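To keep things clear, I will list the structure first and then write my remarks on it.
The values are calculated or read from the model by the stated rules, or taken from the named source; none is laboratory data. Just so you know, these numbers come straight off a predicted model, no measurement behind them. Glycine gets a Cβ as well: all are built from the backbone with ideal geometry, and neighbour counts include every protein chain shown.
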Amino acid sequence: MQRPSGSSSLRPPAAMEKQRRDQMKDLYSKLASLLRLQSYERITLLGLLENATDSIKQWKETVDRLTARKNELENDLRGAMSKEINLHVVQVSEMDSNLEVNLIIRASNKKIEHSRVLSIIEQGGAEIKNYSLSCIGQNTHYTIHAQALHSRLGIDSSLIEYNLKQLVS
């Protein structure tokens, strides 16, 4: 039987079937590598497809769980931003005769004069060596370094911390 002219691209059915099988073999191999499974040749195709299905289900559960957690955190953040958060951080660190005070105060709260903050530290027996004040967003950040006026008497850091907490609250 002769082939009609122009139909030289036709192949016998056996060659087409071999090409189809090779293509499926490549696709299964890609699937196994994407899922980090052992090569499909070492397990049955049914086993490969079951592993792929299980992996996809686990990934979907993970994505759903992470999406729910993300939404929960976003809602918490929106709720926290809509409320007036009373953010007050008072940290007093003492080392030998040196004192470091860190304050973060929400600017929307009552205005606190920095001279009042400094006087509380001086009343605790410390001499201010340097301090910095910066406003970042709605928060005012204080960093104060002080030293004991009298090294024998020391600094009453617990009193300073208590008075600063009373001032900001």
What's the total number of residues in region 98-146 that are under 14 Å from Ile160 (Cβ atoms) and among the small types (Gly, Ala, Ser)? 5
Could you count how many residues in region 114-140 are touching a helix residue (DSSP H, G or I) at 6+ places or on another chain (Cβ under 9 Å) and part of a loop (DSSP other than H, G, I, E, B)? 2
Within region 141-164, how many residues turn out to be within 11 Å of Gly124 (Cβ to Cβ) and assigned to a strand (DSSP E or B)? 2
Enumeration of residues in region 85-116 that are among the basic types (Lys, Arg) and either at pLDDT 75 or above or touching a Leu at 6+ places or on another chain (Cβ under 8 Å) (or both): Arg106, Arg116
For residues in region 35-61 being within 35 Å of the chain's Cα centre (by Cα), at pLDDT below 80 and not hydrophobic (A, V, I, L, M, F, W, C), which is farthest from Lys25 (Cα to Cα)? Arg36
